[in-house]
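To start, the structure itself, in structure tokens.
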Amino acid sequence: MRVGIGQNTQEAKRLADEVSLAVIRYIKEKGIEDVAVVQSEFYGYSGDKPIIELAIPKMGQVVFGNMEPGEAVKLVEKYMVNTQEIAHFLVDNHGDRKKKH
């Protein structure tokens, strides 16, 4: 999972830190394994709240915007555990396994 910022400001970084820490706490509490949480800039995104990208192995990835800590935890809880709910939205970077939107 990637937590990203569109604007390189102190406030955006602070919010991204809060989102990341909330997700990491949830992952540890639930004993979820094989999940990496990384922070980076999302070029082309100019929002002032963090976005998260959930990358599901062998399925693809999906991006959610305007994240706050509680919302991010809900998405991880709902979609990283039960990926079938978003499977039709996932796309990969190879172009040969794109899901229909």
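The values are calculated or read from the model by the stated rules, or taken from the named source; none is laboratory data. Not measured: the values here are computed from a predicted model. All Cβ positions, even for glycine, are placed from backbone atoms using ideal geometry, and neighbour counts span all protein chains on display.
Annotations
- Here Val62 qualifies as at pLDDT below 90, within 9 Å of the chain's Cα centre (by Cα) and among the hydrophobic types (A, V, I, L, M, F, W, C).
- Scanning segment 16-49 for residues that are under 19 Å from Lys74 (Cβ atoms) and in a loop (DSSP other than H, G, I, E, B) gives Gly31, Ile32, Val35, Val37, Gly47, Lys49.
- Segment 59-83 - residue that is in contact (Cβ under 8 Å) with a residue 24 or more places away in the chain and of a type in the set (D, E, K, R) and, of those, nearest to Tyr43 (Cα to Cα): Glu68
- Residue in segment 45-54 that is among the polar types (S, T, N, Q) and more than 12 Å from Ala16 (Cα to Cα) present: yes
- Selection from segment 50-77 of residues that are in contact with an Asp or Glu (Cβ under 7 Å, 6 or more places away or on another chain) and more than 13 Å from Met1 (Cα to Cα): Pro69
- Test result for Lys13, basic (Lys, Arg), out of contact with any Lys or Arg (no Cβ under 7 Å at 6 or more places or on another chain), in a loop (DSSP other than H, G, I, E, B) and under 14 Å from Pro69 (Cα atoms): no
- Positions within segment 18-49 being surrounded by 15 or more Cβ atoms within 10 Å (Cβ to Cβ) and closer than 15 Å to Gly4 by Cβ, in sequence order: Glu18, Val19, Ser20, Val23, Val37, Phe42, Gly47, Lys49
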